């Protein structure tokens with residue numbers, strides 16, 4: 001379903017098992033950024049009522065996920081660490097068109113969002129299999145299903161609002177680009193590390 005061309009390096013799961021505090025802190029901030037991304041798209045496209053409604057729900061879910069991750073951090077006696085730069089996301093953002101038609105820019109932003117959701121879904125699946133804590137495995141299963149839904153929503157809207165853009169071709173380009181990017185990651189105990 002996700003179409004990712006390169007799976008996460010299995011060594012990543014070993015890294016996160018040994019540093020759940022760093023994983024959870026990074027994950028919390030990823031959820032906050034996902035909520036901000038949805039809100040940013042609403043601000044840029046207020047006239048697309050169906051998109052606004054769907055992105056409002058996604059933003060609410062993402063900020064709820066942020067709170068759920070923070071609860072798990074606090075339950076372990078840890079504190080939420082500082083937000084960190086996400087090089088993986090920044091490299092993907094570099095692929096998003098800054099010029100071209102409004103349709104092209106919207107499609108790219110939606111596909112960018114779908115790509116992050118797809119990779120997160122894949123990483124959450126690994127956590128459901130590899131995480132040392134049963135409670136976290138169940139938590140990541142629920143989040144995996146949520147991310148899969150968000151992925152489908154973003155892809156669906158890219159197709160709906162794509163107009164003259166060949167969305168399937170552009171998605172293939174995103175997949176190829178992301179495979180090259182992710183090849184350099186999976187070496188730190190963070191969501192995209």
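Read-outs: derived from the displayed coordinates by stated rules, not from any lab. For clarity, every value in this text was computed on a predicted model and none was experimentally measured. A quick note on method: Cβ atoms are made from the backbone with ideal geometry, for glycine too, and the neighbour counts reach across all protein chains shown.
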I'd like to check something: does region 112-131 contain any residue that is outside any loop (DSSP other than H, G, I, E, B), farther than 25 Å from residue 28 by Cα, in contact (Cβ under 8 Å) with a residue 60 or more places away in the chain and over 13 Å from the mean Cα position of the chain (by Cα)? no
Selection from region 36-64 of residues farther than 18 Å from residue 107 by Cα and buried (at least 20 other Cβ atoms within 10 Å of the Cβ) yields 62
Contact list please: Cβ distance under 6 Å, first residue in region 77-92 and on the phi > 0 side of the Ramachandran plot and without any contact (Cβ under 8 Å) to a residue 12 or more places away in the chain, second residue in a loop (DSSP other than H, G, I, E, B) and loosely packed, with under 15 Cβ neighbours inside 10 Å, pairs at least six apart or on different chains. none
When region 17-48 is checked residue by residue, the ones that are under 22 Å from residue 74 (Cβ atoms), part of a helix (DSSP H, G or I) and more than 17 Å from the chain's Cα centre (by Cα) are 17, 20, 21, 22
Exactly one of 99, 168 is in a loop (DSSP other than H, G, I, E, B) and either touching a strand residue (DSSP E or B) at 6+ places or on another chain (Cβ under 9 Å) or surrounded by fewer than 18 Cβ atoms within 10 Å (Cβ to Cβ) (or both), and that residue is 99
